[in-house]
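Novice: Here it is, the structure in full.
The values are calculated or read from the model by the stated rules, or taken from the named source; none is laboratory data. Just so it is clear, the model here is predicted, and its values are computed rather than measured. Positions of Cβ are backbone-derived with ideal geometry, glycine not excepted, and every protein chain shown enters the neighbour counts.
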Amino acid sequence: SQKIEQNSEALNIQEGKTATLTCNYTNYSPAYLQWYRQDPGRGPVFLLLIRENEKEKRKERLKVTFDTTLKQSLFHITASQPADSATYLCALDGSGGYNKLIFGAGTRLAVHP
Amino acid sequence: NAGVTQTPKFQVLKTGQSMTLQCAQDMNHEYMSWYRQDPGMGLRLIHYSVGAGITDQGEVPNGYNVSRSTTEDFPLRLLSAAPSQTSVYFCASSRTVLWEQYFGPGTRLTVT
């Protein structure tokens with residue numbers, strides 16, 4: 001069956017370090033993958049989109065990689081700050097005509113001063 | 001621009017009651033969708049629409065109906081509420097499914 005896996009355990013890191021979150025998928029052949037941030041009690045907010053023919057994409061302190069062979073995306077936040085503490089969700093287009101966006105359960109990141 | 005708006009913010013229903021969750025967007029987006037979010041399960045797609053008059057089922061459509069009579073509005077109807085439908089519901093819109101999704105603030109629904 002199709003599955004998107006994100007680490008369910010919270011990631012705790014010190015301020016200033018690089019946070020790396022993982023998104024693995026099985027039985028999908030996505031054309032693209034998206035990352036979102038969600039704060040408690042709020043709706044998700046879009047961060048980055050990477051297409052299947054792109055290996056890496058950057059935006060300020062954020063970097064996303066997409067390895068279609070490993071079926072994995074890595075999301076990096078460099079020079080992390082306490083304000084980066086949130087849950088991060090990956091999403092990809094589900095099978096069947098690219099009209100369905102399917103989300104992983106998310107990984108909670110806590111950046112400690 | 002108000003973006004994506006959802007009403008109500010909170011709702012408590014008794015089992016068997018029906019209700020409509022409202023969603024509207026003012027960005028002229030063609031694609032709209034409804035998700036529910038439960039602890040540990042992430043966002044699950046209920047229904048989506050690629051344009052006015054066109055709707056289709058997502059991963060968990062049972063117990064829910066949608067319609068899309070205008071580009072702006074995409075209401076979600078609960079036909080006969082069940083405790084299993086207790087959840088937080090998010091509406092989202094985008095130019096197409098391949099673009100960034102804009103989410104509403106959510107509706108927290110409790111069915112007793």
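Novice: Check segment A:70-79 and report whether any residue there is surrounded by 19 or more Cβ atoms within 10 Å (Cβ to Cβ), small (Gly, Ala, Ser) and not in a loop (DSSP other than H, G, I, E, B).
Specialist: Yes, because at least one residue in segment A:70-79 is surrounded by 19 or more Cβ atoms within 10 Å (Cβ to Cβ), small (Gly, Ala, Ser) and not in a loop (DSSP other than H, G, I, E, B).
Novice: Now, a different point. Of (1) more than 11 Å from chain A (Cβ to nearest Cβ); (2) more than 11 Å from the chain's Cα centre (by Cα); (3) among the charged types (D, E, K, R), residue B:108 satisfies all except one. Which?
Specialist: Only one criterion is unmet by residue B:108, namely (1).
Novice: With surrounded by fewer than 18 Cβ atoms within 10 Å (Cβ to Cβ), of a type in the set (A, V, I, L, M, F, W, C) and farther than 27 Å from residue A:108 by Cα as the only criterion, which of B:13, B:79 stands out?
Specialist: B:79
Novice: Can you tell me which residue among B:101, B:57 is under 22 Å from residue A:42 (Cα atoms) and either more than 14 Å from every other protein chain (Cβ to nearest Cβ) or under 15 Å from the mean Cα position of the chain (by Cα) (or both)?
Specialist: Answer to the check: B:101.
Novice: Is segment A:43-52 home to any residue that is part of a loop (DSSP other than H, G, I, E, B) and closer than 14 Å to residue A:85 by Cα?
Specialist: yes
Novice: Those residues that are more than 14 Å from chain A (Cβ to nearest Cβ), touching a residue at least 24 places away in the same chain (Cβ under 8 Å) and under 21 Å from residue B:3 (Cβ atoms), I need them from segment B:68-98; list them, please.
Specialist: B:71, B:72, B:73, B:74, B:75, B:76
Condition check ((1) within 24 Å of residue B:38 (Cα to Cα); (2) of a type in the set (D, E, K, R); (3) surrounded by fewer than 17 Cβ atoms within 10 Å (Cβ to Cβ); (4) more than 15 Å from the chain's Cα centre (by Cα)) across all residues:
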{"position": "A:1", "(1), (2), (3), (4)": "yes, no, yes, yes"}
{"position": "A:16", "(1), (2), (3), (4)": "no, no, yes, yes"}
{"position": "A:19", "(1), (2), (3), (4)": "no, no, no, no"}
{"position": "A:22", "(1), (2), (3), (4)": "yes, no, yes, no"}
{"position": "A:25", "(1), (2), (3), (4)": "yes, no, no, no"}
{"position": "A:33", "(1), (2), (3), (4)": "yes, no, no, no"}
{"position": "A:36", "(1), (2), (3), (4)": "yes, no, no, no"}
{"position": "A:60", "(1), (2), (3), (4)": "no, yes, yes, yes"}
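Residue by residue, here is whether (1) at pLDDT 95 or above; (2) in contact with a Lys or Arg (Cβ under 9 Å, 6 or more places away or on another chain) holds:
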residue: A:1; (1), (2): no, no
residue: A:23; (1), (2): yes, no
residue: A:26; (1), (2): no, yes
residue: A:32; (1), (2): no, yes
residue: A:53; (1), (2): no, no
